[in-house]
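Here's the structure, in structure tokens; my notes come after.
The values are calculated or read from the model by the stated rules, or taken from the named source; none is laboratory data. Nothing here was measured: the structure is a model prediction, and the numbers come from that model. Positions of Cβ are backbone-derived with ideal geometry, glycine not excepted, and every protein chain shown enters the neighbour counts.
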Amino acid sequence: MKTIYSTLALLVGIATSNAQDTATHQSNAGIKGGYNLAAVSFDGDGETGQRHGFHIGVYGESFISESFSIQPELLYSQQGYEIKDANGTFTQKLNYINLPIMLKAYPSKNFFLEAGPQIGLAISHKEEYDGLFSSSQEYDPNNFDWGMNFGGGFKTNSGISLGVRYHLGLGDLYDEGKAQNRVWQFSVGFDL
């Protein structure tokens, strides 16, 4: 929790340092997509192996001042996790429709920091077991997920952005075990 507070304090401190260039930003909308590295934290004791996936969606960025904007997004995101042991590999594939709402700070013309809440709805899940013994056990994850996002990136004058974001899931994936999503997202976006 200290990391979250420290990150927010750093974000506010940098954004209010008034290092903004004289150029003005304009509100915009666009498309974005990229690569996901998804895992799950069980009981806060570490993370599972990562599932590789992607995300794609749309965003709208509205500037509320020279240095701050609010950016809601609607994203399809492949998430889940892998657990490997001596007998094989278990993969939980979870696909979400996520709605993050990001507060973005521009400490300089082309560099941004972002933080904000996210809710998600699981639209599908599938379990795969590749190993010596077959398993027909099916897990029933909760459909609703929520958490916080933290990230940053660069945006060119022509509207192309490169960003990295970390999703810290706070909702429980299952009714037992306190399993929570952890996702790294690497994105490219294009203003339309």
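Points worth noting:
- In the range 36-72, of all residues being crowded, with 17+ Cβ neighbours inside 10 Å and among the β-branched types (V, I, T), the one that is nearest to M148 (Cα to Cα) corresponds to V40.
- Some residue of the range 134-142 being of a type outside the set (S, T, Y) and buried (at least 17 other Cβ atoms within 10 Å of the Cβ): yes
- Selected residue (only one of K84, K126, K93 is touching a His at 6+ places or on another chain (Cβ under 7 Å), basic (K, R) and over 25 Å from F190 (Cβ atoms)): K93
- H25 falls short on exactly one of the conditions (1) at pLDDT below 95; (2) in a strand (DSSP E or B); (3) touching a Phe, Trp or Tyr at 6+ places or on another chain (Cβ under 7 Å), and that condition is (2).
- Scope the range 169-192; condition out of contact with any Phe, Trp or Tyr (no Cβ under 7 Å at 6 or more places or on another chain), in a strand (DSSP E or B) and either charged (D, E, K, R) or farther than 21 Å from V58 by Cβ (or both); matching residues: G169, Q180, N181, R182, D191
Table: residues versus (1) free of Cβ contacts under 8 Å to residues at least 60 places away in the same chain; (2) charged (D, E, K, R); (3) assigned to a strand (DSSP E or B).
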{"position": "S41", "(1), (2), (3)": "no, no, yes"}
{"position": "F54", "(1), (2), (3)": "yes, no, yes"}
{"position": "S65", "(1), (2), (3)": "yes, no, no"}
{"position": "Q71", "(1), (2), (3)": "yes, no, yes"}
{"position": "G80", "(1), (2), (3)": "yes, no, yes"}
{"position": "K84", "(1), (2), (3)": "yes, yes, yes"}
{"position": "T91", "(1), (2), (3)": "yes, no, yes"}
{"position": "M102", "(1), (2), (3)": "yes, no, yes"}
{"position": "P107", "(1), (2), (3)": "no, no, no"}
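- Test: residue in the range 152-174 that is surrounded by fewer than 20 Cβ atoms within 10 Å (Cβ to Cβ) and farther than 24 Å from P72 by Cβ: yes
- Flag: L103 does not match the condition of being modelled with pLDDT of 95 or more and surrounded by fewer than 14 Cβ atoms within 10 Å (Cβ to Cβ).
- Options L113, L75: the member that is buried (at least 18 other Cβ atoms within 10 Å of the Cβ), part of a strand (DSSP E or B), touching a Pro at 6+ places or on another chain (Cβ under 8 Å) and in contact (Cβ under 8 Å) with a residue 60 or more places away in the chain: L113
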